[in-house]
1. Considering the Cα trace of the range 359-448, what is its radius of gyration and what is Dmax, both in angstroms?
2. Counting pairwise Cα distances across the range 203-348, what percent come out greater than 18 angstrom?
3. Take every DSSP beta bridge whose two residues both sit in the chain, then give the antiparallel share in percent to the nearest 5.
4. Among 235, 354, 319, flag the residue with its Cα farthest along the positive direction of the charge dipole of the chain, charges on Cβ as +1 for Lys/Arg and -1 for Asp/Glu.
5. Go through 413, 442, 306 and say which Cα lies farthest out towards the positive end of the charge dipole of the chain; charges sit on Cβ, +1 for Lys and Arg, -1 for Asp and Glu.
6. Compute the relative contact order of the range 4-80 as a whole-number percentage, counting only Cα pairs closer than 8 Å that sit 6 or more residues apart in sequence.
7. Which value, in Å to one decimal place, does the Kirkwood hydrodynamic radius take for the chain when every pair of different Cα atoms is included?
8. Once fully extended, how much extra length lies between residue 54 and residue 32, figured as 0.36 nm per residue of separation less the alpha-carbon to alpha-carbon distance?
Amino acid sequence: MKTAASADLFRKLPSVDDVTRVPAVAALGVSYGHDPIADAARAVLDRLRQEIASGLLDADALELALSGLTDALEKQLRQTMSFSLRPVINATGVILHTNLGRAPISESAIPHIRETAAAYSNLEFDLATGLRGKRDVHIDRLFQRLLHEEGHEEGKTGTAVSTIVVNNNAAAVLLALNTLADGGEVIVSRGELVEIGGSFRIPDVMAKSGAILREVGTTNRTRVSDYEKAITERTRLLLRVHRSNFEITGFTEQASTAELATLASKRGVPLLEDLGSGALFDLRSVGIDSEPGVLDSLRAGVGIVTYSGDKLLGGPQAGLISGRADLISRMRSNSLFRALRVDKLIYAALEATLLAYVRRDHDAIPTLRMMRLTKEEVGERAAKLAAKVDSPKLKVQIVDGESILGGGAAPSSVLPTRLLALSCDALSPDELASRLRSSDPPIIARVEEGRVLLDLRTVFPGQDKALGDALAMIEQWVISG
């Protein structure tokens, strides 16, 4: 409700045109343009009107606000004209943090992405013949070296191995099911009818693909005989699904991948495995035994494996489908493949990532490098940062902790680490975490048991200084406050 006093304050507000004609504001047009300046002026004036209406501004406060109008407008411009998507420091210790973009791209991939993005490329052009080519060839040749050499030599796959790329693993499952089982039955254990992040449910994607779900076994126990009894003339696929983000323990039984592969071969029905994360790296070398890799599945005789590019592979977001070349060829001919395909930038990032695998330069891939860090290496960096904080009000301790893979990979597996545990007399843990998030760049931490925890396993060494600077600013604020 307007009062006489507030009406007088409203009349003191300049118009948008008046603001844009102020010389200091007009000068901003060189950098931002007239329309963004007008929008920013409108937003700043709207805020002042709201504050007047709420009784937050009297005449003196309004005069002060109007004297700083140019600064307020410039701040508004910086906010609205800057990128919303921005880099953050991941100090959570979750290596494949879905909310933070999962796997970081390797430094070696950046130049290849840049040169591919900034010019024309031979994405679908065969330089040898001068004819139209296939975009798959740029990564399939590398996957054949990484998968065909070790899998095919043992004679377990029975045919050549090929790989195609779609936009994510959900798309990979959808394409495989639609190509190989549209109108037919797909047999899957009840214990594998999972839902993962974003409400992605196996029964739903199966329905979208046109395949008919045939559940076998129970939630906790499914034997290979359950699959065999369910096979009919309508069966098109056997499906094995990786249980992302959870495990079933206790009174359980699950048919092994090798048993299912043997049954599939015997009955002439392909076995499709939705591996989810999909590692080309031997996780046993970092103490993780529970997560099957792509080679493990192919060696066991799985016909088709689907997995993600931005998880344990350590590349960009993509859905990868590897397996029998004859089955992959059928998927490549499916019109749905074109709708789900990826662009040249994803191929460039994947090609650079796979070349690092071919060279066995695993430390070039950030995800693998983080997994390979020892507890002692993380602890040494934590100690150096802790030594820079010198305030009784901002307490820093180094404690033992655990990092996790994240991204639905090996949900029960952890990596031993050392954590910086922060507590502050003047700030609650949530307030302290909020101040870290408001840093530039923002720092994302964990809050547990009344403390803010920072795990440097997922912090790039080059970010240690920014992290130290943020702690110093908080420390200074605490001291001065």
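1. Reported Rg and Dmax, both Å: 15.3, 51.
2. 63 percent
3. In the chain, approximately 60 percent of DSSP beta bridges are antiparallel ones.
4. Result: 235, furthest along the dipole toward the positive end.
5. 306
6. The normalised contact order for the range 4-80 reaches 40 percent.
7. One over the average 1/r among Cα pairs gives 26.2 Å for the chain.
8. Using 0.36 nm per residue and subtracting the Cα-Cα distance, I get 4.8 nm.
Laboratory data are not the source of any read-out in this text; all were calculated from the coordinates shown. The structure displayed is predicted, hence computed values, not measured ones. With ideal geometry, Cβ positions are generated from the backbone for all residues, glycine too; neighbour counts draw on all protein chains shown.
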